[in-house]
Amino acid sequence: MRIRTQIVATLFSAVALIGLVGGVAIVSQISLTKSVALAEATSVARQLAETIAFRASDAPRSLFERPDALREFVTLQHGRSKRDLVIVDKNKVIFADVPGEEQNIGTTFDYDPGNEIARTIDDGVPRNFVEASADVADPIDLVAVPIEDAPGKIVGAVLFEYTPLLRAAQQRTNDMLWLVGLCTAAAVLIAAASAFLLLRGFSKGLAGLNRGIESLARGDAGARIGRTSDDEFGQLAQGFDTMASEIEASRAQLVDQKAYIEDIVQTVAEGIAVIDGKGQVVSVNPAAAEIIGRRSDKVVGQDWQSALDIRGPSGDKPASGASPVELAMTTGRRHQNEVRLAKPDGTSLPVVVSCNPLNRADGGIVLTLSDISDLRSAERAVHDRAEELARLNRELKETSAATTRLVKLGELLQACVTFREAFSVVGSAMPDFFGGLSGTVHLTSASRNLVEEMAHWGTIRSSVGQFGPEDCWALRRGQEHVAGPGMLTPRCNHITENGGRGYVCMPLAAQGETLGILHLCEPNAVDKPEWLAERQQILRGVVDTLALALANLRLRETLRQQSIRDPNTGLYNRRYLEETSSRELRRLERAEQPLTLIMLDVDHFKQFNDTFGHEAGDLVLKQVAATLVDHVRESDVVSRYGGEEFALMMPGTSLADGADRAEALRKAIKQLHVTHRGRTLGTITASFGVAAFPELGASWAEIVNAADRALYQAKAEGRDRVIAGAGLARVEQQKPKLTKSVA
């Protein structure tokens with residue numbers, strides 16, 4: 001590019017830079033003003049949302065729960081700010097609108113192009129959008145802010161207009177644009193004047209230099225400029241004249257050297273460099289210049305040690321006098337070696353150097369350079385491929401071993417019967433999967449309000465044992481949560497240390513249910529930034545296997561409870577009682593201890609159903625069941641035997657003590673006062689039959705038959721009484737009332 005063109009381009013670049021700076025200032029101002037306007041609107045909308053959701057002590061319901069009051073509130077706010085204000089519920093149905101837009105109440109707000117309102121209601125993050133409505137002549141900028149009725153419970157959103165603030169920002173930007181335009185025009189005028197003056201001075205100086213250079217190019221070695229001015233062009237003219245004189249003096253020598261070098265170049269096809277007896281590079285051919293990495297004119301005339309950076313095959317500099325060039329020059333014999341030639345750009349090239357002495361009086365050598373980089377590259381490619389195959393083989397073996405361990409873990413977990421067994425397996429197996437890491441498995445309680453530690457491994461406890469589900473980001477978001485040094489993600493509230501440790505929480509989800517989390521901790525996360533990526537695949541497999549096993553265990557536990565529990569009263573059913581009784585009888589027989597069975601039946605239960613309905617009858621059964629549970633020991637088994645009949649098995653209790661317990665239960669049931677839908681159901685009584693092992697039977701069937709006969713006898717004698725054994729003396733109802741602590 002000509003100097004004149006460069007000057008013009010430079011000045012125009014300065015003008016463009018001024019315009020660019022002005023444009024950046026305008027764009028920055030627009031962006032800043034929009035951000036300020038949006039931030040102000042969001043703040044106001046948040047205050048409105050908090051006011052709408054606020055519950056005062058004298059008004060337990062919020063404005064959102066009082067539509068009329070909410071609409072009055074919207075009208076008042078619109079009158080103050082003169083801005084659109086719309087309240088929608090969680091389904092985007094308009095709950096309140098400004099005066100004049102009441103017909104929109106009850107309709108769905110569908111004017112957010114990107115469904116920003118629904119997304120805000122879903123995740124609680126405020127969003128802004130332009131109302132896309134054909135009924136609005138000018139676009140309206142709105143910001144959507146969630147209304148939280150309780151922490152984490154979003155019931156709707158506030159839509160608040162901030163168009164006036166944006167319009168004011170645009171007016172300020174337009175004013176600045178005029179100012180920048182005037183400044184740019186002034187800069188252009190100044191640049192044009194400067195360019196004219198600079199070009200005028202350069203034209204005079206360059207004209208003389210161009211004439212001299214053109215003459216020299218035509219072969220006129222006697223061409224001179226002769227300018228004697230004191231400026232830079234005068235100094236250039238003097239230097240040119242000196243150079244022309246030197247060229248003219250050495251022209252004859254150059255002709256001889258040219259013929260000499262051309263003869264050598266014609267005889268050798270590889271990279272060639274000629275070095276004279278003084279160690280100066282006399283000539284290089286294009287191939288040699290390319291191998292050296294420098295232009296020929298930057299090499300010729302230089303000392304060979306400054307032009308050629310020859311190193312050993314390993315990249316080290318050779319000892320003094322040990323390079324092939326030095327050996328050839330000192331011994332006068334041919335030397336050939338494989339070396340590395342360092343280039344000016346910092347790279348190096350494997351080269352075979354052949355140094356052949358010249359048969360001249362002043363000495364010198366011909367240096368032949370053969371590039372073998374392609375050969376070495378092929379060797380490296382083969383070596384790298386072999387290493388890659390070895391690495392892949394190692395990874396395959398590791399993956400296979402991990403898969404085998406994972407399959408074994410799944411088999412062990414599937415064989416577990418209880419959660420205690422499962423978590424014992426997890427605690428012993430996890431170090432094999434995650435060596436060097438500490439971790440825990442936390443399980444969500446049945447009430448969903450607590451997450452408890454069930455298994456731990458490693459030397460570090462980075463999580464508390466119990467916490468709420470909201471304290472873990474993984475449970476909140478339903479996905480993996482990673483935090484540690486250098487990461488912007490927040491730490492969970494259940495983490496006990498905020499130093500240089502890194503951790504990951506993985507939700508244990510299966511069959512559409514989140515059962516808990518798997519927590520891993522790396523104490524040296526600062527020194528091991530890739531600690532999680534190395535274990536990501538096996539971590540996914542462990543989480544999926546563990547989640548499925550826990551889900552199956554929970555399902556089996558649920559089915560077991562359903563199979564042994566009565567759904568109406570929550571007591572054990574007849575099946576569980578019969579299964580437990582056989583085991584208890586064998587145990588008590590070995591220990592030579594008694595066992596008492598109490599059978600009771602609610603008197604006149606059919607009358608409750610016929611008079612008050614089956615719902616009232618179910619309530620009576622629940623109250624009787626609750627009374628039985630309140631008056632038994634932990635070792636006793638209370639069950640609903642069928643219909644309105646209950647059974648109570650009391651290990652280690654004699655017949656007499658069992659009769660006393662039955663009498664206490666009879667009195668407690670008689671004292672019940674049950675009301676259903678405002679109506680008193682009357683007095684509830686029950687008949688009791690008591691039998692005991694070994695007095696009235698050696699087997700469970702014999703004991704049940706004896707208790708049934710006693711119960712039938714109590715019914716036959718007028719109900720509301722206790723009979724201890726069929727045909728035995730009945731227990732007097734006037735016995736003193738026993739407490740729960742009676743054995």
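Side notes on the structure shown:
- When restricted to residues that are at pLDDT 90 or above, crowded, with 17+ Cβ neighbours inside 10 Å and either part of a helix (DSSP H, G or I) or among the aromatic types (Phe, Trp, Tyr) (or both), segment 628-656 contains 3.
- Test: Ile261 is modelled with pLDDT under 75, among the β-branched types (Val, Ile, Thr), within 17 Å of Ala289 (Cβ to Cβ) and surrounded by 12 or more Cβ atoms within 10 Å (Cβ to Cβ): yes
- In segment 357-371, the condition of being open to solvent by less than 20 Å² (accessible area, probe 1.4 Å), on the phi < 0 side of the Ramachandran plot and outside any strand (DSSP E or B) is met by no residue.
- Of all residues making up segment 210-258, the number that are at pLDDT below 70 and aromatic (Phe, Trp, Tyr): 1
- Count of segment 284-307 residues which are outside any helix (DSSP H, G or I) and either of a type in the set (Phe, Trp, Tyr) or in contact with a strand residue (DSSP E or B) (Cβ under 7 Å, 6 or more places away or on another chain) (or both): 6
- Boolean, Glu387 is part of a strand (DSSP E or B) and among the charged types (D, E, K, R): no
- Taking each residue of segment 55-69 that is open to solvent by 80 Å² or more (accessible area, probe 1.4 Å) and looking for partners that are not in a helix (DSSP H, G or I) with beta-carbon atoms closer than 6 Å, six or more apart or interchain, yields Arg55/Ser62.
- Residues of segment 141-179 that are over 19 Å from Ser35 (Cβ atoms) and modelled with pLDDT of 85 or more: Pro146, Ile147, Glu148, Lys153, Ile154, Val155, Gly156, Ala157, Val158, Leu159.
- Filtering segment 439-459 to residues that are open to solvent by 80 Å² or more (accessible area, probe 1.4 Å) and either at positive phi or in contact with a Lys or Arg (Cβ under 6 Å, 6 or more places away or on another chain) (or both) leaves only Arg448.
- Of the residues making up segment 577-612, those that are touching an Asp or Glu at 6+ places or on another chain (Cβ under 7 Å) and open to solvent by 10 Å² or more (accessible area, probe 1.4 Å) are Asp601, Phe605.
- Residues that are open to solvent by 10 Å² or more (accessible area, probe 1.4 Å) and not in a helix (DSSP H, G or I), drawn from segment 658-680: Gln671, Leu672, His673, Thr675, His676, Arg677, Gly678, Arg679, Thr680
- Residue pairs whose Cβ atoms lie under 6 Å apart, separated by 6 or more positions or on different chains, with the first residue in segment 354-378 and more than 10 Å from Gly332 (Cα to Cα) and the second assigned to a loop (DSSP other than H, G, I, E, B) and open to solvent by 50 Å² or more (accessible area, probe 1.4 Å), are Thr368/Glu270; Ser370/Glu270.
- Restricting segment 70-94 to residues that are in a helix (DSSP H, G or I) and of a type in the set (A, V, I, L, M), the residue that is most open to solvent (accessible area, probe 1.4 Å): Leu76
- Being of a type in the set (A, V, I, L, M, F, W, C), touching a residue at least 40 places away in the same chain (Cβ under 8 Å) and open to solvent by 50 Å² or more (accessible area, probe 1.4 Å) is a condition met by at least one residue of segment 520-528.
- Selection from segment 102-118 of residues that are assigned to a loop (DSSP other than H, G, I, E, B) and surrounded by fewer than 15 Cβ atoms within 10 Å (Cβ to Cβ): Gly106, Thr107, Asp110, Pro113, Gly114, Asn115
- Verdict on Ile121 being open to solvent by less than 60 Å² (accessible area, probe 1.4 Å) and assigned to a helix (DSSP H, G or I): yes
- Leading residue by the ranking (nearest to the chain's Cα centre (by Cα)) among those in segment 125-184 that are part of a loop (DSSP other than H, G, I, E, B) and crowded, with 16+ Cβ neighbours inside 10 Å: Pro126
Listed here are the residues, each with its yes/no results for (1) more than 55 Å from the chain's Cα centre (by Cα); (2) hydroxyl-bearing (Ser, Thr, Tyr).
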| position | (1), (2) |
| --- | --- |
| Met599 | yes, no |
| Asn609 | yes, no |
| Leu621 | no, no |
| Val637 | no, no |
| Tyr641 | no, yes |
| Asp660 | yes, no |
| Arg666 | yes, no |
| Lys670 | yes, no |
| Arg679 | yes, no |
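- Scope segment 408-439; condition in contact (Cβ under 8 Å) with a residue 60 or more places away in the chain, assigned to a helix (DSSP H, G or I) and farther than 13 Å from His456 by Cβ; matching residues: Leu409, Gly410, Leu413, Gln414, Phe419, Ala422, Phe433
- The condition (being open to solvent by 20 Å² or more (accessible area, probe 1.4 Å), in a strand (DSSP E or B) and closer than 27 Å to Asp432 by Cβ) is satisfied by just one residue among Val482, Val504: Val482.
- Members of segment 106-132 that are farther than 18 Å from Ala49 by Cα and of a type outside the set (Phe, Trp, Tyr): Gly106, Thr107, Thr108, Asp110, Asp112, Pro113, Gly114, Asn115, Val130, Glu131, Ala132
- Among (1) in contact with a helix residue (DSSP H, G or I) (Cβ under 7 Å, 6 or more places away or on another chain); (2) touching a residue at least 40 places away in the same chain (Cβ under 8 Å) - the single one Thr580 does not satisfy: (1)
- Asp345 meets the conditions (1) under 20 Å from Val281 (Cα atoms); (2) exposed (fewer than 13 other Cβ atoms within 10 Å of the Cβ); (3) of a type outside the set (S, T, N, Q); (4) in contact (Cβ under 8 Å) with a residue 24 or more places away in the chain in every case but one. The failed one is (1).
- Residue within segment 460-475 that is open to solvent by 80 Å² or more (accessible area, probe 1.4 Å), closer than 20 Å to Cys416 by Cα and touching a residue at least 12 places away in the same chain (Cβ under 8 Å) present: no
- Single residue of Ile564, Ile495 found to be among the β-branched types (Val, Ile, Thr), open to solvent by less than 60 Å² (accessible area, probe 1.4 Å) and closer than 30 Å to Glu615 by Cα: Ile564
- In segment 613-621, the count of residues that are in contact (Cβ under 8 Å) with a residue 60 or more places away in the chain, out of contact with any Cys (no Cβ under 8 Å at 6 or more places or on another chain), open to solvent by 40 Å² or more (accessible area, probe 1.4 Å) and under 24 Å from Leu696 (Cβ atoms) is zero.
- Residue count for segment 519-550 under the criterion of being in a loop (DSSP other than H, G, I, E, B) and of a type outside the set (A, V, I, L, M): the result is 7.
- Segment 589-621: number of residues that are under 24 Å from Ile723 (Cα atoms) and not aromatic (Phe, Trp, Tyr): 16
The values are calculated or read from the model by the stated rules, or taken from the named source; none is laboratory data. Note that the coordinates shown come from a computational prediction; the quantities given were computed from them, not determined experimentally. Please note: Cβ atoms are built from the backbone with ideal geometry, for glycine as well, and neighbour counts cover all protein chains shown. Ligands, DNA and RNA are excluded from the accessible area calculation, which covers all protein heavy atoms including side chains. Shrake-Rupley method; radii C 1.70, N 1.55, O 1.52, S 1.80 Å.
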